[in-house]
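**Q** I have a structure here, written as structure tokens, and I will follow up with some questions on it.
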Amino acid sequence: MEEKKTLILGGSLQKAMAGDFALDLKGLINEAWALTQKTKWVMVQAMLLVFSLALLAVLILANLAQFKGLDLMAPNVQLMTEILLTLLTAPLITGLMMMGINHAVGGQSRPSHLFHFLPKALILSLSALLVSLLVELGLLLFIVPGLFLMIACSFTLPLVIEKGLTPMRAIFVSIRVVSFKWQQFVLLYLLFALLFVLVIATFGIAFIWVGPFYYNMKGVLYRDIFGVAVRLTGQDGASQNGESIFHA
């Protein structure tokens with residue numbers, strides 16, 4: 001009979017909520033880049049799957065709107081399309097985030113892990129919708145609060161999955177924790193904004209590196225701030241099949 005143990009790697013939720021964590025941006029960038037060299041192809045495959053499925057969903061929604069005689073450029077139709085797309089893609093985006101976290105704790109990922117959280121689609125879609133509405137409200141009131149909320153809510157989905165928090169609690173925790181080190185988070189997201197400009201300038205070619213780097217960076221950040229529970233099996237304490245997050 002296999003012995004199962006749980007090991008917490010990185011920080012902890014309690015310390016994170018007290019602001020008791022440090023962000024070494026140079027070290028984080030170096031580690032995330034090193035992970036990207038090993039995992040970029042599996043991440044690229046997963047991201048292409050998300051893009052393809054999102055595009056398919058948009059085409060289906062557009063055809064349905066036209067069938068009902070709706071104006072595709074109407075604000076209410078675009079808003080409804082955005083909401084439905086957020087709901088449909090939330091479990092897949094969570095899969096990408098958790099793949100990055102998995103890499104950060106030494107796990108191996110497969111493109112199929114993208115669909116690992118479909119059984120929890122309801123709570124993830126609700127979480128994503130709440131975040132989207134909060135960000136939209138911030139952008140309507142003033143652009144800066146909306147941009148900050150976009151950054152501050154970035155840990156919501158993995159907190160729902162990995163820590164088992166409710167959507168509202170996960171949003172609160174994510175905002176509170178990011179607020180402690182908001183200057184460093186802003187600098188980090190400015191870096192990625194510049195990198196995505198590079199993606200546009202290279203007609204998407206740079207996305208092969210920038211996309212996986214982004215999710216691996218979020219994985220390293222999550223591990224260092226909140227800690228990750230890794231399930232170990234066997235007497236040697238090895239993780240099952242090299243998969244620390246996507247266990248059965």
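**Q** Restricting to segment 133-148, what's the tally of residues that are under 20 Å from residue 190 (Cα atoms) and touching a residue at least 24 places away in the same chain (Cβ under 8 Å)?
**A** Counting residues in segment 133-148 that are under 20 Å from residue 190 (Cα atoms) and touching a residue at least 24 places away in the same chain (Cβ under 8 Å) gives 1.
**Q** What residue, of 120, 181, is more than 14 Å from the chain's Cα centre (by Cα) and more than 24 Å from residue 33 (Cα to Cα)?
**A** Just one listed residue meets the conditions, 120.
**Q** Consider segment 210-237. How many of its residues are modelled with pLDDT under 95, among the hydrophobic types (A, V, I, L, M, F, W, C) and surrounded by fewer than 22 Cβ atoms within 10 Å (Cβ to Cβ)?
**A** 2
**Q** Mind counting the residues in segment 164-204 that are within 24 Å of residue 95 (Cα to Cα), outside any helix (DSSP H, G or I) and out of contact with any helix residue (DSSP H, G or I) (no Cβ under 6 Å at 6 or more places or on another chain)?
**A** The number of residues fulfilling the criteria is 3.
**Q** In segment 135-163, which residue that is part of a helix (DSSP H, G or I) and charged (D, E, K, R) is surrounded by the fewest Cβ atoms within 10 Å (Cβ to Cβ)?
**A** Going through the qualifying residues, I end up with 136.
**Q** Scanning for something hydroxyl-bearing (Ser, Thr, Tyr), open to solvent by less than 50 Å² (accessible area, probe 1.4 Å) and within 21 Å of residue 158 (Cα to Cα), does segment 103-114 turn up at least one residue?
**A** yes
**Q** Out of 53, 92, report the one residue that is in a helix (DSSP H, G or I) and at pLDDT below 95.
**A** None of the other options fit; the residue is 53.
The values are calculated or read from the model by the stated rules, or taken from the named source; none is laboratory data. Computed from a predicted structure; not experimentally measured. Positions of Cβ are backbone-derived with ideal geometry, glycine not excepted, and every protein chain shown enters the neighbour counts. Surface areas here come from the heavy atoms of the whole protein model, side chains and all, with no ligands, DNA or RNA. Shrake-Rupley method; radii C 1.70, N 1.55, O 1.52, S 1.80 Å.
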